[in-house]
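Reading through the structure tokens given below for one structure.
The values are calculated or read from the model by the stated rules, or taken from the named source; none is laboratory data. From a predicted model like this one, the values you see are computed outputs, not experimental measurements. Positions of Cβ are generated from backbone atoms using ideal geometry, with glycine treated the same way; all protein chains shown enter the neighbour counts.
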Amino acid sequence: MKQAYLRGTVIAAALGFASTALAAEEVRIMWYSDGNEGEVVADLLKRFEEQNPDITVALDNVSYQVVKEQLPITLEAGGGPDIARVTDLKALADHWLDLTPYLADKAYWDQNYGEQADWLRPDGSDAITGFMTQITLTGGFANKTLFDQAGVALPAAGSSWDQWVEAAQQVATSQQLPAAFAMDRSGHRMSAPIINFGANYIGADGMPAPVDAGVRDYVGKLVGWTEGGQNLKDVWVSAAGASYRAAAEDFINAQVPLYFSGSWQIGNFSAKIGDNFDWVAIGNPCGPKSCSGIPGGAGLVAVKYTQHPEAVAKVMDYLASEPVMREFTQRTLFIPSNAAVRAAGDLEYVTTDPQVQPALDAFNADVKNITPEANALPAWKWATAYYTALVTRTGQAMAGEMSLEDAFARMDSDIAEQVAQAAQ
């Protein structure tokens, strides 16, 4: 009888445990990483699960291409994860959940993430849909070791694109490299120099303006540099359409002395370059008008199709909290997005790499050069449409599939088509 009772007790306990496990709500996060962010956030989420046994968090680490190309399709069908880390913040904003009714302290979010809140919500809305995991800024990097070996001085601060490409070409020739520079295959990335050449994408009515002289001047230079071998052509012609391709590995492997990307690469370089060579952040090469980078970053947003809004809000409250964001920033080597962390000014980055702090300092110093035209883009609804048209048609011009004039005409028609489709 005693053994039977014990067996019954064990079975009941097991059933009770199973019932508890089944009762736990699952929150799925679609996450992409430029560096070690996935590892860091996974560690932080383990602590959340320990503190909240009624919620399990499934972290789906995917490539940026999946977020960029597949997530929008899933969202349009009314599906997707519960939370996603994205860069198409405004263009997809109609799919984000307003977390306001579910948050523990709305005032905290307003105080610490209010500055960029409009980047992540529909125009005219005051919804809280998520927060920026970090602030980023476009900018360049130079392989100082290659410059030194070639006996070529790094151009001074405030140097132009022409000066940087000329110096990098001297290094490439001396060191027998495939190209002088590489730029990510990205409409966002190429937009920073385009803005510095005087372009303005946003018309007086807030709608997309036709491509102007600034677009034509810089894109013409970029295509010319590609044809002349200065720009690493394979980055751009190895993919089609608006497909994204970073050139980070080419820089990491010392195939180019100059690379244009952004502050998010710092952790990646620290992890993968190590002491193989010395690298420096150079800010944004200047155009005739300005020397601005484009601010931005990745946003962690709640998806409105979730079946567990309360659980999602708990996860978001945890990840957005000051101590968690402080640790995330310190370990991932980012510019902090949390206002309190940023204001404290006492971040101690977790790194033994002496090149990291100067690089972060360079990007922080470059913030003062941001122009109003560049600053307006993260919250502009049509930025993604413009970026898509730019990268698609520029890539085709580089590949010799169409002339520059045809490319400019198609950019305008592509953008108009996306505006028309959105109105349907």
Legend entry - Selection within segment 271-290 - surrounded by fewer than 21 Cβ atoms within 10 Å (Cβ to Cβ) and either assigned to a loop (DSSP other than H, G, I, E, B) or touching a Ser or Thr at 6+ places or on another chain (Cβ under 9 Å) (or both): Gly274, Asp275, Asn276, Phe277, Asp278, Pro288, Lys289, Ser290
Legend entry - Count of residues meeting criterion [buried (at least 22 other Cβ atoms within 10 Å of the Cβ) and closer than 13 Å to Ile194 by Cβ] in segment 373-386: 4
Legend entry - Every residue from segment 95-105 that is touching a Leu at 6+ places or on another chain (Cβ under 9 Å) and part of a helix (DSSP H, G or I): His95
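Listed here are the residues, each with its yes/no results for (1) over 19 Å from the mean Cα position of the chain (by Cα); (2) modelled with pLDDT of 95 or more; (3) not assigned by TED's automatic domain parsing to the domain that holds His188.
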{"site": "Leu45", "(1), (2), (3)": "yes, yes, yes"}
{"site": "Glu49", "(1), (2), (3)": "yes, yes, yes"}
{"site": "Pro53", "(1), (2), (3)": "yes, yes, yes"}
{"site": "Asn61", "(1), (2), (3)": "no, yes, yes"}
{"site": "Asp88", "(1), (2), (3)": "no, no, yes"}
{"site": "Leu92", "(1), (2), (3)": "no, no, yes"}
{"site": "Trp96", "(1), (2), (3)": "no, yes, yes"}
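Report, by residue number, each residue of segment 251-295 that is within 24 Å of Arg216 (Cα to Cα) and at pLDDT below 95. Spell out how you get there, then give the answer.
First pass over segment 251-295, keeping only residues within 24 Å of Arg216 (Cα to Cα): 258-262, 283-295.
Within segment 251-295, just Pro295 meets the criteria.
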Inset, instruction - Looking at (1) part of a helix (DSSP H, G or I); (2) out of contact with any Gly (no Cβ under 6 Å at 6 or more places or on another chain), find the lone condition where Gly400 falls short. - result: (1)
Inset, instruction - Considering each of Ala320, Ala374, Ala416, Ala423 in turn, give the residue that is of a type in the set (Gly, Ala, Ser) and either under 19 Å from Ile294 (Cβ atoms) or in contact with an Asp or Glu (Cβ under 8 Å, 6 or more places away or on another chain) (or both). - result: Ala374
Inset, instruction - Could you list all residues from segment 292-313 that are over 20 Å from Ala383 (Cβ atoms) and surrounded by 21 or more Cβ atoms within 10 Å (Cβ to Cβ)? - result: Ala302, Val303, Ala311, Val312, Ala313
Inset, instruction - Report, by residue number, each residue of segment 164-208 that is among the hydrophobic types (A, V, I, L, M, F, W, C) and more than 22 Å from Cys291 (Cβ to Cβ). - result: Ala172, Leu177, Ala179, Ala204, Met207
Inset, instruction - Keeping to segment 30-88, report how many residues are within 23 Å of Ala248 (Cα to Cα) and assigned to a helix (DSSP H, G or I). - result: 12
